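The next block holds one structure in the form of structure tokens; read it before the comments.
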Amino acid sequence: MSESYKLSHLKELEAESIHIIREVAAEFENPVMLYSIGKDSSVMVRLAEKAFYPGKVPFPLMHIDSKWKFKEMIQFRDEYAKKYGWNLIVESNMEAFKAGVGPFTHGSKVHTDLMKTQALLNALDKYKFDAAFGGARRDEEKSRAKERIYSFRDRFHQWDPKNQRPELWDIYNGRIHKGESIRVFPLSNWTELDIWQYIRLEKIPIVPLYFAKLRPVVNIDGQLIMPDDDRLPEKYRDKIEMKKIRFRTLGCWPLTGAIESEADTIEKIVEEMMTTTKSERTTRVIDFDQEASMEQKKREGYF
Amino acid sequence: MAEKEKLNIKEFLDKDEQKDQLRFLTAGSVDDGKSTLIGRLLFDSKKIYEDQLDALERDSKRMGNAGDHIDYALLLDGLKAEREQGITIDVAYRYFSTNNRKFIIADTPGHEQYTRNMITGGSTANLAVILVDARTGVITQTRRHTYLVSLLGIKHVVLAVNKMDLVGFSEERFQEIVKDYMDFVKPLGIPDVNCIPLSALEGDNVVAKSERTPWYKGVSLLEFLETVPIANDHNFADFRYPVQYVLRPDQNFRGFCGKIASGVVRKGDTVMALPSGKTTRVKSIVTYDGELDYAFPPQCVTLTLEDEIDVSRGEMLVHPDNLPTVDRNMEAMLVWMDEEMMDVNKHFYLKQTTNLTRAHISQIRYRVDINTMEHIENVPALKLNEIANVVLATAKPLFFDPYQENKPCGSFVLIDPITNNTSAVGMIVGRVDSKEMVAEEVPELNLPKLGISEEHYDAIERACKDLERQGIAVNIIK
């Protein structure tokens with residue numbers, strides 16, 4: 001027989017994710033896809049577009065804007081949503097923003113709590129979403145390795161690692177009471193390499209900050225921070241230097257360290273990744289806050 | 001990794017994108033060295049980064065249990081409470097890849113109270129690695145793990161006889177364990193069983209073949225995992241297409257989204273919709289990347305049909321000459337997953353493929369003692385981690401196949417309607433004799449009796465169909 005019934009690992013992962021996304025659209029009343037504008041989000045968004053082709057995706061895309069994101073991210077977000085016809089919701093914790101909350105003045109913990117976690121929870125309550133897709137992968141961090149694909153959250157959006165529903169085969173239990181919700185992680189089984197491979201194969205657009213370029217940076221506590229607006233504290237301003245850098249993850253500019261790199265194509269990024277000796281999350285300031293910090297944040301409702 | 005450097009990055013990526021994926025389960029207790037084995041597979045395939053290794057060395061000194069060696073178990077334990085207890089208490093997924101294949105490990109613990117987790121981790125696995133300590137050999141726990149693996153229909157098993165260094169790499173000891181195991185495993189009908197002598201701590205036969213076991217003629221564990229053929233583990237014979245989502249972007253397009261559960265569908269095939277029995281032909285197999293001539297599991301596609309027949313979520317498209325069983329009663333192996341004991345009077349939600357219906361357990365035929373495989377009769381109810389053969393009655397007919405022949409169409413979960421917890425999971429054995437059938441009572445809606453005029457029948461039927469999709473069946477009389 002000339003027909004082949006074999007799928008590559010990427011096609012198998014793609015099928016798994018599309019199945020999950022459709023299942024949520026079929027079973028929930030008011031789902032939303034959380035969009036961080038990062039590379040994983042870009043893949044997730046493309047998978048949703050694939051799942052409902054030739055129709056439109058039946059749920060909106062929501063970005064929680066901490067007001068400290070890189071300008072290039074915001075520009076990319078708006079252009080992408082427009083080009084592909086997404087219904088884009090942008091929400092921020094304006095109360096905290098007006099009170100002047102930011103990472104330099106309040107530290108990363110308070111900033112993340114208020115501008116990310118609290119902003120997200122407020123938005124979920126405001127729109128009464130009963131399912132929220134997130135682009136987290138299990139290989140990112142230890143406490144995520146045990147996360148379900150459907151992650152149950154109580155009325156307060158909290159995650160209880162001791163009280164997770166059994167999840168077998170590809171049968172997902174989406175039954176919830178009013179006010180409760182499910183976080184859904186369709187990229188659970190993807191690795192960082194899978195994501196890059198897929199972006200390369202599918203020619204998925206990503207924020208240019210992932211590619212190496214000469215950019216201004218300042219060394220703050222060992223992290224290379226790119227000042228993206230005039231909110232860089234005075235004391236660092238004369239320490240800015242130009243370096244060829246890129247970002248492995250994207251977030252708030254004062255909390256996202258760049259790496260010096262020559263990788264300006266996906267091939268070079270993967271090559272760099274294969275030979276690098278540091279894991280992806282080392283450039284995220286947020287993981288170093290406290291021991292088992294990501295797990296703590298997840299319990300509180302952050303992803 | 002040396003091989004990799006010979007390829008340029010583009011060649012590497014082109015090769016990598018063609019790799020297939022093997023999902024495997026590891027079972028064994030903390031003492032069997034399971035975490036050490038996984039840690040070594042990850043370490044040797046360079047999935048451990050320098051910063052993680054630094055943290056690991058630091059933690060090994062502070063709270064490790066591996067003496068002078070790096071304690072790989074610490075790398076795998078994710079959650080704080082577990083770390084403090086020094087045990088893994090849930091399923092954790094790990095990822096690594098070699099030049100030939102990508103791997104997903106479902107790492108599950110071995111203690112009795114966690115049957116639930118092993119069942120969870122094993123449900124998606126192609127293969128199971130069962131660890132035994134060469135000093136103790138096949139023990140109750142090994143038998144329990146193997147039974148669960150056979151229950152889950154996992155086709156490939158590797159018995160990893162670990163800690164061979166502690167028995168002087170004795171061939172005699174290894175053969176003794178192999179014989180014990182083979183005697184036990186034979187009646188379970190697992191098609192592919194292999195035994196490998198190894199030392200996870202010292203690395204013998206894990207990645208490379210060891211010189212310390214010259215009598216062992218097989219391959220190393222990693223080489224086995226890289227080469228075991230898994231492409232035919234899917235059922236390609238019986239076409240089953242549970243409709244997941246109906247896509248209707250405009251007047252001209254009506255597509256039925258779904259995942260091919262089993263079998264192969266081709267453009268032009270005659271298909272039958274269940275339960276209506278109406279037939280039509282496949283007009284096109286639509287995907288974002290273009291139309292396909294045929295599709296197979298586990299592909300997710302959208303089918304369009306030649307004729308406008310009414311098919312909703314929860315219904316199924318099949319080939320008319322190859323039908324699943326359509327019934328409201330079925331025999332199944334049930335694993336109780338809930339802390340709360342089974343209440344036989346309770347009506348559950350049952351989810352199978354994309355179908356949701358009310359169901360109750362009409363009979364517990366016997367419970368299986370997973371340590372001795374004995375059947376225990378006269379069991380009033382099941383507790384957490386208990387396994388039984390039961391008869392179920394559902395409110396609407398299910399379209400199913402025996403689990404051992406067709407996993408996606410033979411598996412289901414029972415959901416508690418009050419707590420919404422997944423209380424039990426099941427594997428269908430088959431239909432039951434008619435004398436054992438019990439009807440799940442379905443409420444009736446007698447339209448003429450209610451004085452509803454005929455012009456509203458369509459609307460009421462539509463409303464009831466939507467309720468049915470949500471698991472509430474109503475019998476309409478008109």
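The values are calculated or read from the model by the stated rules, or taken from the named source; none is laboratory data. Given the structure is predicted, the values throughout are model-derived calculations rather than measurements. Ideal geometry is used to build each Cβ from the backbone, glycine not excepted, and the neighbour counts take in all protein chains shown. Heavy atoms of the whole protein, side chains included, go into the accessibility calculation; ligands, DNA and RNA do not. Shrake-Rupley method; radii C 1.70, N 1.55, O 1.52, S 1.80 Å.
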(request) Give, in whole angstrom and from largest to smallest, the semi-axes √(5λ) of the equivalent ellipsoid of segment A:142-193, with λ running over the eigenvalues of the Cα gyration tensor. (result) 20, 13, 10
(request) Kindly state, to the nearest 0.05, the FRET efficiency for B:PHE236 paired with A:ARG155, given R0 = 41 Å and r defined as their beta-carbon distance. (result) 0.35
(request) Can you check what the Kirkwood hydrodynamic radius comes to for segment B:229-297, Cα pairs only, in Å to one decimal? (result) 13.2
(message) Can you tell me what percent of all Cα-Cα pairs in segment A:123-169 are more than 12 Å apart?
(response) 68
(message) What translational diffusion coefficient, to the nearest whole µm²/s, does segment A:76-172 have by Stokes-Einstein, given a Kirkwood radius computed over alpha-carbon pairs, a temperature of 37 °C and 0.692 mPa s viscosity?
(response) 203
(request) Give a quick list of GluC sites (Glu not before Pro) in segment B:356-390 that DSSP marks as loop, anything other than H, G, I, E or B, with at most 16 other Cβ atoms within 10 Å. (result) B:GLU374, B:GLU377
(request) Please list the radius of gyration and Dmax for segment B:101-229, considering alpha-carbon atoms only, with Å as the unit. (result) 14.1, 39
(message) Report the Cα centroid-to-centroid distance between segment A:199-274 and segment A:34-98 in angstrom, as an integer.
(response) 21
(message) Over the Cα atoms of segment A:128-257, each weighted equally, I'd like the Debye log10 I(q)/I(0) at q = 0.13, 0.14 Å⁻¹, rounded to two decimals.
(response) -0.77, -0.84
(request) Can you pull a Stokes-Einstein diffusion coefficient for the protein assembly as shown at 10 °C (1.306 mPa s), Rh from Kirkwood over Cα pairs, as a whole number of µm²/s? (result) 57
(message) Out of all Cα-Cα pairs in segment B:380-461, roughly what percent, to the nearest whole number, are more than 22 Å apart?
(response) 47
(request) May I ask you to give the percent of accessible area on chain B that is carbon plus sulfur, with a probe radius of 1.4 Å? (result) 47
(message) Compute the helix-to-body angle for B:34-44: its Cα long axis versus the longest principal axis of chain B, expressed 0 to 90° and rounded to tens.
(response) 80
(message) Using the alpha carbons of chain A, what is the convex hull volume per residue in cubic angstrom, as a whole number?
(response) 148
(message) Need one number: the % of Cα-Cα pairs in segment B:263-329 sitting beyond the 21 Å mark.
(response) 22
(message) Given the C-alpha atoms of segment B:374-416, compute the convex hull and give its volume per residue in Å³.
(response) 129
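Restricting attention to segment B:191-263, which trypsin sites (Lys or Arg not before Pro) occupy a DSSP loop and are surrounded by at most 13 other Cβ atoms within 10 Å?
Answer in residue order: B:LYS217.
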(request) Mind pulling the per residue volume of the convex hull built on the Cα atoms of chain B? Å³ is fine. (result) 185
(request) Could you pull out the longest piece of chain A with no exposed loop trypsin sites (Lys or Arg not before Pro) in it, calling a site exposed if DSSP puts it outside H, G, I, E, B and it has at most 12 other Cβ atoms within 10 Å? (result) A:1-127
(request) Starting from the Cα of A:LYS235, draw a straight line to each of the aspartates and glutamates and keep only those under 20 Å, dropping any in the same chain fewer than 8 residues away. (result) A:ASP221
(message) Using the Cα atoms of segment B:306-374, I'd like the radius of gyration and the largest Cα-Cα distance, Dmax, both in angstrom.
(response) 16.9, 55
(message) Show me, for segment A:20-29, the HN-Hα J-couplings you get by feeding each phi into the Karplus relation (A = 6.51, B = -1.76, C = 1.60, θ = phi - 60°), rounded to Hz, glycine and proline as x.
(response) 5, 4, 5, 4, 5, 4, 7, 9, 9, 7
(request) Restrict the search to segment B:274-327; then list the GluC sites (Glu not before Pro) that DSSP places in a loop and that have at most 16 other Cβ atoms within 10 Å of their Cβ. (result) B:GLU291, B:GLU306, B:GLU308
